[in-house]
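See structure below.
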Amino acid sequence: MKAVILAGGLGTRLQPYTFFIPKPMLPLGNKPLLEYLVEWLNKSKKIDQIVICVSYLHRSIEDYFEDGSRFGIEIKYSRSDRPLATAGQLKTASSYLDDSFVCLYGDSVYEFPLDKMIENHINDKAFISMALTKYKTNLKYGFIELDNSEKKLVSDWKEKPEITGLINIGCYVFEPGFLKMIPNSVSFGMDQAVRSCIKDKRKVKSYIVNEGSFMDIGDKKSYLEAYKQYVKRLGKI
């Protein structure tokens, strides 16, 4: 099975770090973020080729990973001349994808058994499988509830309540037919494409992973927190 890594974004939330380095090549410990994804995919018994979708500052990615032989797995590239959002980026790799495939966002680190997710997808004959994890956060503001009367009287005040739910962590298994849901050469979000599949009654399955199996590196705060964690793993030099 092939795996696609979406690595073509501008990384605007991580500026100025990303002025000269694409987000997936930012250092995390002693190697770039993208290398952790390549290593994680290479551990899978199901994945035999990686396609990296590149755009912004693509040369630094292509020159580092080359054909993948240094990392023990074949790597191909799909290049667009401009950012196309998540699903739009994926569409550029269509010529490589003629069977079920894995797709990852290039700004996260994953630590869960991918092979099990793939097996569940195949056994359940899903059209899409989405990796999800539990998440909780406190809202920034107090929530005011009103009663059902015409006068709309205040019935409760919940100060900065905690909410919990499942979040998408940007790891999918897709059937090749999913690519037909994405228009050509336009900026198109993965959420738009998946919602179209749900509307068409396609089988969209969840795969829930343990908390701590996913690390987002989408903005400066999360990047610095992740960097500190990986520096600790390196130990003292």
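The values are calculated or read from the model by the stated rules, or taken from the named source; none is laboratory data. If you're wondering where the values come from, they're calculated on a predicted model, not measured in any experiment. Because the Cβ atoms are built from the backbone with ideal geometry, glycine has one as well, and the counts that use them run over all protein chains shown. Ligands, DNA and RNA are stripped out before the accessible areas are found, and what is left, the full protein with its side chains, is counted by its heavy atoms. Shrake-Rupley method; radii C 1.70, N 1.55, O 1.52, S 1.80 Å.
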### Query
Which value, in debye to the nearest 20, gives the size of the charge dipole of segment 123-237 about its Cα centre, when Lys and Arg are +1 and Asp and Glu are -1 at the Cβ?
420
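Under a Cβ-only charge scheme (Lys and Arg +1, Asp and Glu -1), can you give me the dipole magnitude of segment 87-152 about the Cα centre, in debye to the nearest 20?
Details: 8 positive and 10 negative charges, 72 e Å.
Computed charge dipole of segment 87-152: roughly 340 debye.
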### Query
From the residues P161, Q49, L26, which one has its Cα farthest along the dipole of the chain in the positive direction, the dipole being from +1 and -1 charges on Cβ of Lys/Arg and Asp/Glu about the Cα centre?
P161
#### Entry: Debye, to nearest 20: dipole size of the chain, +1 on Lys, Arg Cβ, -1 on Asp, Glu Cβ
260
### Query
With every protein chain left in place, what is the accessible area of K160 in Å² (1.4 Å probe, nearest 10)?
100
## Note on the structure
Listed by chain and number, the lysines with an alpha carbon less than 29 angstrom from that of K158, same-chain partners under 8 positions apart left out, are K134, K136, K140, K221
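Helix-derived [θ] at 222 nm for the chain: sum -39500 (n - 2.57) over DSSP H runs of at least 4, divide by residue count, nearest 500?
Details: 6 runs with 61 residues, N = 237.
Taken over the chain, the calculation gives -7500 deg cm²/dmol.
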### Spread of Cα-to-Cα distances over 5 Å intervals beginning at zero, given as percent, for segment 7-144
2, 8, 17, 20, 20, 14, 9, 5, 3, 1, 0, 0
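What is the percent carbon and sulfur in the accessible area of the chain, measuring with a 1.4 Å probe over the protein chains and ignoring ligands?
Working: 6840 of 13400 Å².
With neighbouring chains kept in place, the figure for the chain is 51 percent.
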### Task
Using a 1.4 angstrom probe on the protein heavy atoms only, line up D107, D98, D67, D216 by accessible area, largest first.
D98, D67, D216, D107
#### Entry: Cα pair distances exceeding 19 angstrom across segment 157-237, given as percent
61
### Task
Run the 1.4 Å probe and let me know the accessible area of E225, rounded to the nearest 10 Å².
100
### Task
May I ask for the distance between the Cα centers of segment 173-237 and segment 36-57, given as a whole number of Å?
14
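Between V154 and K221, what length in nm is gained on full extension when 0.36 nm per residue of separation is reduced by their alpha carbon distance? If you can, show how the numbers build up before the last one.
Values: separation 67, 0.36 × 67 = 24.12 nm, distance 3.67 nm.
So the extension gain works out to 20.4 nm.
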### Task
Express the accessible area of the chain per residue in Å², computed with a 1.4 Å probe while the remaining protein chains stay in the model.
57
## Note on the structure
Of the convex hull enclosing the alpha-carbon atoms of segment 72-223, the direction-averaged projected area in nm² is 13.4
